[in-house]
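Please read the structure below before turning to the comments.
Bear in mind these aren't lab numbers, they're just calculated from the coordinates by the rules spelled out. Values in this document were obtained by computation on a predicted structure and should not be read as measured data. Here Cβ is always computed from backbone atoms with ideal geometry, including for glycine, and neighbour counts include all displayed protein chains.
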Amino acid sequence: AKFVYDFTEGNKDLKDLLGGKGANLAEMTNLGLPVPPGFTITTDACKVYLDSGEEPAALRDEVSAHLDALESRMGKKLGQADDPLLVSVRSGAKFSMPGMMDTVLNIGLSDASVRGLAEQAGDERFAWDSYRRLIQMFGKTVLGVDGDLFEDALDRAKDAKKVTVDTELSADDLKKLVTAFKRIVEKEAGRDFPQDPREQMDLAIHAVFDSWNTDRAKLYRRQERIPHDLGTAVNVCSMVFGNLGPDSGTGVAFTRDPASGHQGVYGDYLQNAQGEDVVAGIRNTVPLAELESIDKKSYDRLMQIMETLENHYKDLCDIEFTIERGQLWMLQTRVGKRTAGAAFRIATQLVDQGLIDETEALQRVTGAQLAQLMFPRFDEHARTRPVGRGIAASPGAAVGKAVFDSYTAVKWSRSGEKVILVRRETNPDDLDGMIAAEGILTSRGGKTSHAAVVARGMGKTCVCGAEELEVDTKRRRMVVPGGHVVEEGDLISIDGSSGKVYLGETPVVPSPVVEYFEGRMHAGADDADELVEAVHRIMAFADRKRRLRVRANADNAEDALRARRFGAQGIGLCRTEHMFLGDRRELVERLILADTDTEREESLRALLPLQKQDFVELFEAMDGLPVTVRLLDPPLHEFLPDITELSVRVALAESRQESHENDLRLLQAVHRLHEQNPMLGLRGVRLGLVIPGLFTMQVRAIAEAAAERRAAKGDPRAEIMIPLVGTVQELEIVREEADQVIAEVQEATGTELRLAIGTMIELPRAALTAGQIAEAAEFFSFGTNDLTQTVWGFSRDDVEASFFTAYLEKGIFGVSPFETIDRDGVGSLVELASAAGRATRPDLKLGVCGEHGGDPESVHFFHEVGLDYVSCSPFRIPVARLEAGRAAT
Ligand code: ADP
Ligand code: MG
Ligand code: MG
């Protein structure tokens with residue numbers, strides 16, 4: 001295998017092998033853009049190194065060959081004493097992991113070559129500044145020295161000179177700093193700073209490989225669901241210098257605003273600096289637009305390049321660049337992260353520009369982003385006044401208790417508190433705090449700061465650079481303009497869409513996207529929100545493309561109507577147990593306690609009209625669309641009072657010698673119905689078979705309701721669903737009774753009712769015998785919650801609290817199988833049962849009604865397996881529609 005690629009050899013599609021950075025450096029090189037020459041060591045080499053602890057045997061020679069070629073091209077040798085070639089050694093994995101891994105600049109400098117560099121550049125200060133940066137970065141990332149030690153030494157040097165920024169240090173100051181830095185390395189790392197340039201390079205390469213497995217990198221990958229076995233590539237890139245004086249500098253830019261999607265000039269620029277300085281927020285950057293007046297030629301060239309990149313990648317790009325004495329160099333580009341709203345806007349803008357088509361536009365957005373846009377926002381009309389304002393870095397409305405370090409954020413959130421992480425600025429060590437927090441607030445840094453980039457990636461609310469807030473992390477407090485002090489634990493609210501910061505808890509209102517789905521805001525109207533417009537168009541693309549239908553899980557007319565507004569094409573799951581609660585509980589208790597047939601029949605008779613009325617309303621709300629009604633499913637004890645409560649009541653009544661006849665009967669019933677493992681007990685179809693008249697009462701209510709709707713000229717399309725079937729015999733018995741009741745109702749009302757009868761497939765046995773079950777079922781609905789529970793043998797109500805965290809940490813699964821369908825296990829049963837069912841009954845309707853119906857990844861799976869529909873909670877319907885459309889592209 002080939003382990004090293006010159007930048008001229010790669011291209012943007014080789015991300016697996018060259019990492020994102022390497023692939024895009026190659027792409028830019030081949031587009032003829034000014035990229036400093038270099039080469040990329042593949043992720044394969046990294047994988048070998050991480051697996052075996054050693055470089056692959058061929059690597060050293062390949063690196064030497066590419067280094068030789070680079071040296072002859074540049075006309076100087078790495079670290080050459082009189083005129084050194086310097087390189088950066090840069091990490092770059094397939095997926096960008098901002099700030100997670102290591103990069104070392106200025107490799108090749110040594111006590112000897114620092115003088116050559118000074119000579120060549122005609123700038124001694126620059127050479128020593130570069131050298132101290134090398135020792136600092138190398139010391140920290142390669143030799144593992146605590147970075148604060150260097151920072152402190154730098155601060156002391158500045159204090160000694162009474163200056164505040166490092167550019168004010170002279171060559172002599174920097175020389176002394178180099179000596180101090182070398183001493184720190186010697187003391188802390190137990191070795192000298194290596195003077196041999198090739199040794200520097202090799203050690204840096206290994207350090208980049210190793211940085212793939214740091215704790216923070218692992219945590220980031222878990223959070224972002226990036227596989228752990230990809231490894232990172234290493235880019236060796238000849239250095240260009242932004243720290244060569246005022247006509248030099250470094251910056252970052254976006255081809256569009258990553259928050260709104262608007263085209264324009266977005267970015268930050270820092271004069272006389274090297275790349276790391278921009279992100280670190282060491283000095284204050286200026287807005288990119290100011291570069292026009294600093295260096296018009298480079299600015300114009302940059303604008304031109306950004307246009308080239310957008311047209312080439314057909315997407316928003318972000319860019320790192322450096323200007324060395326008036327010469328512009330491109331150091332990185334990638335398709336940029338963006339907020340959810342910008343993703344929708346950019347996708348439609350690019351369609352309008354003719355750069356992409358509808359199908360591609362669907363690939364540019366995700367259901368998760370749509371879900372984010374449906375979060376509520378702060379009420380702008382609420383009378384609270386903001387106490388500060390920063391940059392709207394990542395949208396959303398977050399309310400929580402202010403905490404000033406990540407440790408506290410994690411600790412408090414574990415105990416159920418909602419927190420806002422408040423920092424001056426964040427760094428990669430803050431990652432777990434950022435994950436734990438509802439939102440992130442910083443007083444320093446711009447749209448490209450660590451906090452902003454990471455928060456956007458996680459879809460977490462973030463306001464950054466709120467400069468008028470004085471954040472004092474040591475004293476755990478923040479002073480807002482006017483002098484009010486926010487202590488740790490005080491409630492604050494931050495608005496990531498406007499950048500505003502409020503004291504206390506600010507009321508929230510629905511998002512415009514939800515207003516749109518609810519029909520309270522219309523696309524095409526004069527005052528329509530730009531975002532709503534974009535969502536409207538993308539949803540139309542998705543609806544045109546998708547094959548899967550989307551139904552709702554809804555139990556009452558109100559939810560059904562809302563689901564319809566959100567685009568539901570029917571109800572996939574109406575749980576009838578909800579109709580047994582509230583003031584009907586007493587009737588249900590009587591049913592359970594019935595000693596005689598008469599008693600039982602009486603209570604069923606009393607329940608019938610109530611159920612029927614529920615169905616009439618539901619069928620009316622969903623007129624013309626299918627409504628799948630599931631007969632009673634949960635174990636009966638769920639309808640009885642809590643056993644402890646009841647025992648206390650009985651005991652109390654006994655001691656007071658009061659009458660407690662009924663409670664006593666209830667208590668006996670609770671004992672009688674008690675099961676060790678109720679989820680595998682008397683529930684679902686088993687109830688129907690054991691309690692005479694229960695299911696037939698429900699079927700009668702459905703049939704009579706349908707007849708009533710027909711009489712009212714409606715179009716009811718009820719489907720009766722039997723839960724927890726494990727064998728066709730169960731279904732046949734229930735079916736026979738049901739058919740008879742339906743026939744009776746037809747006769748009595750003189751209406752022909754076409755009521756489909758089907759079953760849930762939620763037990764492994766049902767899936768395995770689906771071919772037989774389909775003989776008696778007109779449809780299957782996969783109950784993937786119970787199916788997951790029974791296939792894995794996991795109790796859904798217990799596992800999350802007990803061992804799932806450990807399982808997730810150990811990587812046994814990347815995400816809970818209750819959240820995203822387990823394709824290999826549960827999924828293959830779904831596939832098998834679908835095929836067997838359809839073999840028996842070709843027109844068998846297939847759907848899914850577990851939580852998975854609204855989960856993006858699962859929706860793709862159900863599309864692939866060929867189901868007819870997914871059903872999910874009303875709020876998830878737009879997400880399911882979008883993902884069904886994306887799955888079909
Ligand atoms: P990250 O992936 O964390 O952004 P990079 O590898 O891009 O790390 O490098 C960190 C900083 O150093 C960036 O600002 C980058 O532009 C700058 N940099 C990297 N290589 C060079 C180089 N050869 N010349 C000048 N600056 C560089
Ligand atoms: Mg970078
Ligand atoms: Mg179930």
About the Cα centre, and with charges only on the beta carbon of Lys, Arg (+1) and Asp, Glu (-1), how big is the dipole of segment 375-509? Nearest 20 debye, please.
100 debye
Helix 296-313 axis, angle to the chain major axis (alpha carbon atoms, nearest 10°):
40 degrees
Of the GluC sites (Glu not before Pro) in segment 630-696, which ones lie in a loop per DSSP and count no more than 10 other C-beta atoms within 10 Å?
Glu658
Figure the gain on full extension for Ala606 and Ser816 (residue separation times 0.36 nm, minus the Cα-Cα span) and round it to one decimal in nm.
71.3 nm
Considering the options Gly326, Asn272, Asn284, tell which one lies farthest towards the positive end of the dipole of segment 249-335, charges being +1 on Lys and Arg and -1 on Asp and Glu at the Cβ, about the Cα centre.
Gly326
Quick check: pseudo-label points 7 Å beyond the Cα along Cα→Cβ at Ala712 and Glu276, how many nm apart are they?
7.3 nm
How tilted is helix 43-52 with respect to the longest principal axis of the chain? Cα atoms for both, answer in degrees (0 to 90, nearest 10).
80 degrees
Quick calc: nm separation of the 7 Å Cα→Cβ label points for Leu355 and Asp51 -> 3.9 nm
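What is the fewest-to-most order of Lys713, Lys187, Lys182, Lys140 by other Cβ atoms lying within 10 Å of their Cβ?
Lys713, Lys187, Lys182, Lys140
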Taking alpha-carbon centroids only, segment 524-600 lies from segment 431-491 a number of Å equal to 39 Å
Go through segment 551-566 residue by residue and turn each phi into a ³J(HN,Hα) via Karplus (6.51, -1.76, 1.60, θ = phi - 60°); whole Hz please, and just put x for glycine and proline.
10, 10, 8, 8, 10, 9, 4, 4, 5, 5, 5, 4, 4, 4, 4, 7
I need two numbers for segment 539-628: Rg to one decimal and Dmax as a whole number, Cα atoms only, in Å.
17.3, 60
So what is the calculated 222 nm ellipticity per residue for the chain, using -39500 (n - 2.57) for each DSSP H run with n of 4 or more, over all residues, to the nearest 500 deg cm²/dmol?
-14000 deg cm²/dmol
Could you tell me the largest-minus-smallest coordinate of the C-alpha atoms of segment 4-238 on each of the three principal axes, in descending order and whole angstroms?
50, 41, 32
Per-selection metrics, segment 249-335 (Cα): Rg and Dmax in Å
12.0, 34
Okay, which of segment 647-688 sit inside 11 Å, backbone N to the point 7 Å along the Cα-Cβ direction of Asp798?
676-679
Total formal charge among the other residues, if their Cβ is under 12 angstrom from that of Val335, Lys/Arg +1 and Asp/Glu -1:
+4
Nonlocal amide H pairs with Gly811, under 5 Å, H built at 1.01 Å
none
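Given a Förster radius of 30 Å and the C-beta distance between Asp152 and Tyr407 as r, what FRET efficiency does 1/(1 + (r/R0)^6) yield to the nearest 0.05?
0.85
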Helix 643-655: angle to the longest alpha-carbon principal axis of the chain, degrees 0 to 90, nearest 10?
50 degrees
Given just the C-alpha atoms of segment 799-846, how large is their convex hull per residue in cubic angstrom?
76 Å³
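Beyond 25 Å between alpha-carbons counts as too far, so tell me which of Lys314/Lys545; Lys140/Lys500; Lys94/Lys545; Lys411/Lys810; Lys337/Lys500 fall in that bin. Could the numbers behind the result be given before it?
Details: Lys314/Lys545 22 Å; Lys140/Lys500 37 Å; Lys94/Lys545 30 Å; Lys411/Lys810 21 Å; Lys337/Lys500 22 Å.
Result: Lys140/Lys500; Lys94/Lys545 exceed 25 Å.
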Square roots of five times the Cα gyration tensor eigenvalues for segment 375-509, Å
18, 16, 15
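How about segment 623-710: which trypsin sites (Lys or Arg not before Pro) there are in a DSSP loop, with at most 11 other Cβ atoms within 10 Å of their Cβ?
Hits after loop and neighbour filter: Arg656.
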If I model a spin label at Arg191 and Asp172 as a point 7 Å from the Cα along the Cα→Cβ vector, what separation in nanometres do I get?
3.5 nm
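Nearest-5 percent of antiparallel DSSP beta bridges in the chain? Let's see the in-between values first.
Details: 61 of 99 bridges.
Here the share of antiparallel DSSP bridges comes out near 60 percent.
What percentage of all Cα-Cα pairs in segment 211-258 are separated by more than 14 Å? Could you put the intermediate results ahead of the total?
On the way: 801 of 1128 pairs.
More than 14 Å apart: 71 percent of the Cα pairs in segment 211-258.
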Would you pull out the residues with amide H under 5 Å of Ile391's amide H, same chain only if 5 or more places away, H placed 1.01 Å from N?
Cys464, Gly465, Ala466
Would you work out the charge dipole size for the chain about its Cα centre, treating the Cβ of every Lys and Arg as +1 and the Cβ of every Asp and Glu as -1, and quote it to the nearest 20 debye?
1120 debye
Table column - 3J(HN,Hα) (Hz), segment 212-219, Karplus curve with 6.51, -1.76, 1.60, x for Gly and Pro
4, 10, 5, 4, 5, 5, 5, 4
Starting from the Kirkwood Rh over alpha-carbon pairs, what translational D in µm² s⁻¹ does segment 691-831 have by Stokes-Einstein at 20 °C and 1.002 mPa s?
125 µm²/s
P(r), alpha carbons of the chain - 20 Å bins starting at zero, rounded %
13, 37, 30, 15, 4, 0
In whole Å, how far is the Cα centre of segment 175-211 from that of segment 313-328?
30 Å
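Taking 0.36 nm per residue of separation and subtracting the Cα-Cα distance, what length does fully extending Asp83 through Lys314 add?
Values: separation 231, 0.36 × 231 = 83.16 nm, distance 4.09 nm.
Net length gain for the segment: 79.1 nm.
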Amide hydrogen neighbours beyond the local backbone of Phe782, cut-off 5 Å, H modeled
Ile761, Gly847, Val848, Cys849
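Any chance you could tell me what percent of the C-alpha pair distances in segment 615-722 go past 23 Å? Display every interim value, and only then the final one.
Numbers: 2876 of 5778 pairs.
Percentage above 23 Å: 50.
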Net charge of Cβ neighbours under 10 Å - reference Lys2; Lys, Arg +1; Asp, Glu -1:
-3
How many angstrom separate the Cα center of segment 818-839 from the Cα center of segment 65-136?
55 Å
Qualifying GluC sites (Glu not before Pro) in segment 318-389, DSSP loop, other Cβ atoms within 10 Å at most 11:
Glu380
Subtracting the Cα-Cα distance from 0.36 nm times the residue separation, let me have the gained length for His262 to Ala525 in nm, one decimal.
92.6 nm
